[in-house]
Amino acid sequence: GERPPMGWQTWCSVGECGEDHCFDGQIRAMADTLVWSGMKDLGYDWVVLDDCWHPTRDNATAELVPYPRFFPDGMKPVIDYVHSLGLKFGLYTSVGDRTCHGGWSPGSFGHYGRDARTFAAWGVDYVKIDYCGSHDSVEGHRNMSHALNATGRPMMYMLCRGPYQQQDHWGYAPGIAQGWRATGDHHDNFASVRQQVEAVRGKASWSGPFGWAYLDMMMTGGQGCKDQCVGPESDQGHCNWTKPEHCPGMSEAEYRTEASLYVVVSSPLMVGTDIRLMTPIMKELLLNKEAIAINQDYKAVPGDAMPSCHGSSQEAWVRRLSNGDSAVALTNWGNHTASLAVCLDAIGWTHGETAGARNVWARQSLGTFSRRFEAKVRAHDTLLLLLSRTGAAGSPENKVAVAM
């Protein structure tokens, strides 16, 4: 779309990441939660099923049929329910003949037109296509794009993986899709956060309206728990989705870093954890209107890394917003609290030698500063600043704050 999509996705919400089973009642409950929690009003209006619905093919028609134990009434009633709440619905397939989760579900190879027509008939709004199974190919990516267009139903087409990830300006992806993942799967650990954001380093100008490079689903609050699922990881396993749980793999500081960088690089914000149990850090990071506004500023080029001050080895992730403000993420990748700085001349500030500073996550004005802002940031944490041309007067130069 014109703006990076926001919503909820199934990947790590019940059981550990990669368990990925989903169920009729679970999807309805998550859709309900997007509405009553206020997330929908903030822009989180997508419900997307990953490689969790485990279809088979009808022997007579070769059409996809959702796994009946998970979706006893089929997929369309679930999609209709999601739509009835004013939300949009996305579904997963693979470009090859098998999907990625264990290889027991059929992909769309040899059935691109048929599957596209099925998705359109069900009312799907978003198709995520993975790159697994035999016969995965760029040609398959193109063929599915053509097949979706041929249905006449507007459906967002999102590439998950493929050769475009190693190509300049994302290769063929912008010509056939509205979004494409920049790198591999995201997992609930801090090293994975860094892997995700490094995949878009130096590539800010390669993304924009109707063509967003995206980082994988956010782990905010923590993945589900191992004891939620019993039995094999195949579709013969059983998961208890009725009780929401989180088993976090990161600290609150690390989740703050994840959210800060996703916001500044304007990645789609797809939450991969259980939003029915909103922990304090989830509320802080997911419900922050100021952060969402930075992420959704589609008229601005996505943020990128740059030296935070001339001659310094430190860097900041910076996004120049369409109204003239700048969003600055100061990340402490180290294991101890450190002083991090940003200098206005180094980040291309064009509004003189002073700026107003605001701590976005704390929703706190830090006053005005001249030329250089310095802050103590805890280990693995990020101070997300909004710099503006106006601010509270009287704050001293080199103002020091502590990231919340």
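Three principal axis extents, largest first, for the C-alpha atoms of the range 324-380, in Å?
Taking max minus min along each principal axis of the Cα atoms, the range 324-380 gives 35, 24, 16 Å.
Pop out the carbon and sulfur fraction of the accessible area of the range 289-389 as a percent, whole number, probe 1.4 Å.
Carbon and sulfur: 47 percent of the exposed surface of the range 289-389.
At 1.4 Å probe size, what's the solvent-accessible area of Arg161? Round to the nearest 10 Å².
For Arg161, the solvent-accessible surface is approximately 70 Å².
Could you pull the accessible area for Ser308 with a 1.4 Å probe, rounded to 10 Å²?
Per-residue accessible area (Ser308): approximately 0 Å².
Can you give the convex hull volume per residue for the Cα atoms of the range 6-83, as a whole number of Å³?
Cα-based convex hull of the range 6-83, divided per residue, equals 98 Å³.
Can you pull the Rg over Rh of the chain, Cα-only, Kirkwood?
Expressed as Rg/Rh, it is 0.99.
Once each part is reduced to its C-alpha centroid, what is the distance from the range 308-384 to the range 65-127 in angstrom?
Comparing the Cα centres of the range 308-384 and the range 65-127, I get a distance of 43 Å.
For the range 54-137, take N as its residue count and report Rg(C-alpha) divided by 2.2 N^0.38 Å.
1.07
Run the numbers on the chain and let me know its relative contact order in percent, using alpha-carbon pairs under 8 Å that are six or more apart.
Across the chain, relative contact order equals 14 percent.
At a 1.4 Å probe radius, carbon and sulfur cover how many percent of the accessible area of the range 1-50?
43
For the range 254-301, rounded, prolate or oblate, judged on the Cα gyration tensor with a ≥ b ≥ c (square roots of eigenvalues), a/c < 1.5 rounded, else prolate if a/b > b/c?
It is prolate, given that a/c is not under 1.5 and a/b is the larger ratio.
Whole-Hz ³J(HN,Hα) for each residue in the range 216-221, computed from phi via Karplus 6.51 cos²θ - 1.76 cosθ + 1.60 with θ = phi - 60°, x for glycine and proline: what do you get?
5, 3, 6, 9, 3, x
Starting from the amide H of Trp212, placed 1.01 Å from N in the peptide plane, find each other amide H under 5 Å away whose residue is 5 or more places distant or on another chain.
Long-range HN contacts for Trp212: Gly179, Trp180.
Reachable aspartates and glutamates from Lys203, Cα under 13 Å, same-chain residues fewer than 8 places away excluded?
Cross-link targets: Asp168, Asp304.
Through the Karplus equation 6.51 cos²θ - 1.76 cosθ + 1.60, θ set to phi - 60°, convert the phi angles of the range 107-121 into ³J(HN,Hα) values in whole Hz; use x for Gly and Pro.
Those phi angles translate into x, 9, 4, x, 9, 4, x, 4, 5, 4, 5, 4, 4, 5, 5 Hz.
7 Å from Cα along Cα→Cβ at both His351 and Thr56: what's the point-to-point distance in nm?
6.1
Using only the heavy atoms of the protein chains and a 1.4 Å probe, how would Glu63, Glu290 rank by accessible area, largest first? Each step should come with its number before you reach the end.
Values: Glu63 90, Glu290 55 Å².
Final ranking, largest accessible area leading: Glu63, Glu290.
What three numbers, in Å, describe the spread of the alpha carbons of the range 243-333 along their principal axes, ordered from the longest?
Computed over the range 243-333, the largest-to-smallest principal extents equal 50, 30, 16 Å.
Taking amide H atoms as placed 1.01 Å from N in the peptide plane, list the residues 5 or more away in sequence, or in a different chain, whose amide H sits under 5 Å from that of Val271.
Gly7, Trp8, Gln9, Met218
Tell me, what HN-Hα J-couplings in whole Hz come from the Karplus equation 6.51 cos²θ - 1.76 cosθ + 1.60 at θ = phi - 60° for each residue of the range 191-205, using x for Gly and Pro?
4, 5, 4, 5, 4, 4, 6, 5, 5, 10, 4, x, 10, 4, 6
Given Ala213, Thr350, Gly162, which one lies farthest toward the positive end of the charge dipole of the chain, if we put +1 on the Cβ of every Lys and Arg and -1 on the Cβ of every Asp and Glu?
Value: Thr350.
What base-10 log of the normalised intensity I(q)/I(0) is obtained for the range 144-220 from the Debye formula, alpha carbons as equal point scatterers, at q = 0.16, 0.20 Å⁻¹?
Each listed q corresponds, in turn, to -0.61, -0.87.
The values are calculated or read from the model by the stated rules, or taken from the named source; none is laboratory data. Values in this document were obtained by computation on a predicted structure and should not be read as measured data. Neighbour counts run over all protein chains shown; Cβ positions are idealised from the backbone, glycine included. These area figures cover heavy atoms from the full protein model, side chains too; ligands, DNA and RNA do not enter into them. Shrake-Rupley method; radii C 1.70, N 1.55, O 1.52, S 1.80 Å.
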